1. For region B:181-248, restrict the atom set to alpha-carbon positions and state the Rg and Dmax in Å.
2. How high is the relative contact order of region B:141-261, in percent, counting Cα pairs under 8 Å that sit 6 or more residues apart?
3. For the ranges B:429-441, B:322-334, what's the packing order if you count other beta-carbon atoms within 10 Å of each residue, average per peptide, and put the highest first?
4. Take every DSSP beta bridge with both residues inside the protein assembly as shown and express the antiparallel ones as a percent of the total, to the nearest 5.
5. What number, in percent, do you get for the relative contact order of chain B if the mean sequence gap of Cα pairs under 8 Å and at least 6 apart is divided by its residue count?
6. Using 0.36 nm per residue of separation minus the Cα-Cα distance, give me the extension gain between A:LEU105 and A:ARG311 in nm, one decimal.
7. What percent of all Cα-Cα pairs in chain A falls into each 10 Å bin, going from 0 up to the bin containing the maximum distance?
8. With a 4.7 Å Cβ cut-off, tell me which Cys residues in chain A come up empty for a partner.
Amino acid sequence: MSRFSKSILVLALAGAATSAFAFDNFSGIGRLATPAEVKAWDIDVRPDFKGLPKGSGNVDRGTELFEEKCASCHGSFGESNEVFTPLIGGTTPADVKNGRVGGFLTGDIPQRTTFTKVATISTVFDYIQRAMPWTAPKSLKPDEVYAIMAYFLNLAEIVPADFVLSDQNIAEVQKKMPNRNGMTTDHGMWPGPSAAKGGIGNGGKPDVKNTACMSNCKKEVRIGSVLPDYARTAHGNLEEQNRSFGPVRGVRTVDGDAAAVSAKPAGPSAETALATNSGCLGCHGTNNKIVGPGFNEVQARYKDQADAESRLFDKVKAGGQGVWGSIPMPPHGHVKDEDIKTLVKWILSGAK
Amino acid sequence: MGDISKQPGHLQPAPESFLTEAEVQAIAAGRRSFLRKSFLAAGAAMVAPMAARATEAGDPEILNLPTWSTTLGKPVATNPYGIPSQYESQLLRRESPGLTRVGGASVSFCPLQGLFGIITPSGLHFERHHQGWQDVDPARHRLMINGSDPAFLKSPKVYTMDQLMRLPSVSRIHFIECGANTGLEWGNVAVPTVQYTHGMLSCSEFTGVPLKLLLEDCGVDYKKARYVLAEGADGSSMTRTIPMEMVENGEVFVAYGMNGEMLRPENGYPLRLVVPGVQGVSWVKWLRRIEVGDKPYATKDEAVHYIDLLPSGLHRQYTSVQECKSVITTPSGGQRLLEKGFYNVSGLAWSGRGRIKQVDVSFDGGINWKTARIEGPVQNKALTRFNINWVWDGKPAILQSRAIDETGYVQPSYGQLREVRGTKSIYHNNAIQSWKIVESGEVSNVQVL
């Protein structure tokens, strides 16, 4: 190939490269989504209730469903702080009237629950429908979501006990949410246009200002807070969280003997990892009750029973209630049978 | 610890001088058990062949050739996927005990205290999952693009990974920071090290397709559709609202690549959204759907969580941008300087509003400042490494860094931040971090107002 023709070729390739991005016909890429496909995935519900499915549910049905599918994590009244932050509590009939949660106004709010914060009931519908229950997301039918929400709304004293929530009255309920006037978008941290230009926020103007002073910037250094002693050791031995060479070392925050113990490769057993990954340890401690019984208690109860393995397998797989009190064990269809068998053996052998 | 006698190659011919300053103080205070342990440790060090000490002739590590100089090494492909050295087992992603009760809705923090430069090794990238992580089969993964109203998008479409990876791609380096990074520290010092104060922060080179290109391929109507909803394919199917302006200017992209390979499952394999400068929760992982619409969506993570409580009792909603911030990573909390003398003080700066322009460092708690060296090239909305020379005289010091971005915004002090936002905001704490150094060389977390 002559030098001349080579340079022509290079030019041609360069031309192709620059035009590739402006190309508007990505032939063969993507296809039209069918209406059924869009329906299957487009499940979002907006504050104006665009996307809301038709349906209804009452407080009584919601009470049953909540006890069956939700109470194991959230407590029977959505009040539990054991696994997740509480759903219900901290709001008053006065808040329902004013649309501002009084605890935020006085600064006296010991626990921010979902209902103290959320301004839009659409959010609650959207989230329960897409992500709950914890181990079986997207398994609730619209009527069930309405019923569970009716139960919430009754617990929060927003609707009476005989209330039926539906797609027809949900917009009216949103106007009673206790923190409906508690949100502001007047800030500089929205990356789009300002409210004045049809968007959200102030167009990016920061609210906190510092200056780049370089010398004699203040007379004295005021220390507002230092690391509490308990926090120095709460994260384990920091010596082991830094390299053993280089400009610095980690500080030994656990004394000599304990440090030697924690320095051993004490990684979790395969079974512990499996229990963690399968979500067991959210509700059961190996040696303590959390929501459900500790594995030590389970072992103690079942250890002399010949059919313990198969009975526990069924309890884990299908769920159960009554053996350990009223809070039910939810079904765990997401965990593979062989993994359940491994876990049951592990629990019965002491869960070490 | 900061025991100089154990430093490699440190010439210290008198073996009786093995006690550190702290140990001498402990003995003076009558803690004899400390002395016994120290003798045991020193004895062990002397008999251990690997802990050879310097003699008058020189360093035995030089005088006696080590086995790696006198034996045959391992063949190629011993580790088909390479792993760090056996001596690098200490820098790991870690959880903060007691922060959450369920591992599937939790955080693991990136060990910033030992990392260099600006790129986070993929295996150490911080994690935040809302309903556990999944390892999604790329052959079965789909990306759907639709409109909240048929008028907003001419053709709702479905793309496979095969198709997405045929499209023109971009590769860009960006930081990702959780909106709750440093959130534990709003009211007071709570955690000991930079891993836990700032470790919900990582930076990678991401590769993927600009979302603009896909929306235009579907025939988006930019006049009507001013908001974008991104949705994940995991159990939580996490959703967040993003302004269309960030899509139109070409910044937002759907990424499959991270640091030269595919995304890691914990980071959204095989597809995640990249929203430069915006908090991590908007970078939806396992991305399955994009919807364009005319209104924001008030999803759970922008109506219940990721809202910032102000002293007035109002919550700020749709806070997204990560404002300019920096932190010194070496030396940092929970570390100990080995001895007096020279140190390269090093840290990270970043801004969700663009490039870092300047970083100043103070050694006296913010009375005087010196401008640090910026390691370039400085990238847009990416971590930026800074370094500054320092000779420690053995006296107490308080180290701080203060970043300035290209908009002229100067990172605020705790006093300035709290004056406006109080102490209960949880999210978006970008205050100047202070590390106090005492005579023993120990560095600890303090807050200077």
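1. 17.9, 51
2. 26 percent
3. Result, highest mean first: B:322-334, B:429-441.
4. Details: 88 of 95 bridges.
Roughly 95 percent of the beta bridges in the protein assembly as shown run antiparallel, per DSSP.
5. Working: 976 pairs, mean separation 65.7, N = 449.
Here the relative contact order equals 15 percent.
6. The span from A:LEU105 to A:ARG311 would gain 68.9 nm if fully extended.
7. 4, 15, 18, 20, 19, 14, 6, 3, 1, 0
8. A:CYS70, A:CYS73, A:CYS280, A:CYS283
Readers should treat all values here as calculations from the given coordinates under stated rules, not as data from a laboratory. Quick caveat: nothing in here was measured; it's all calculated off a predicted structure. When we count neighbours, we look across all protein chains shown, and the Cβ atoms used for this are built from the backbone with ideal geometry, even at glycine.
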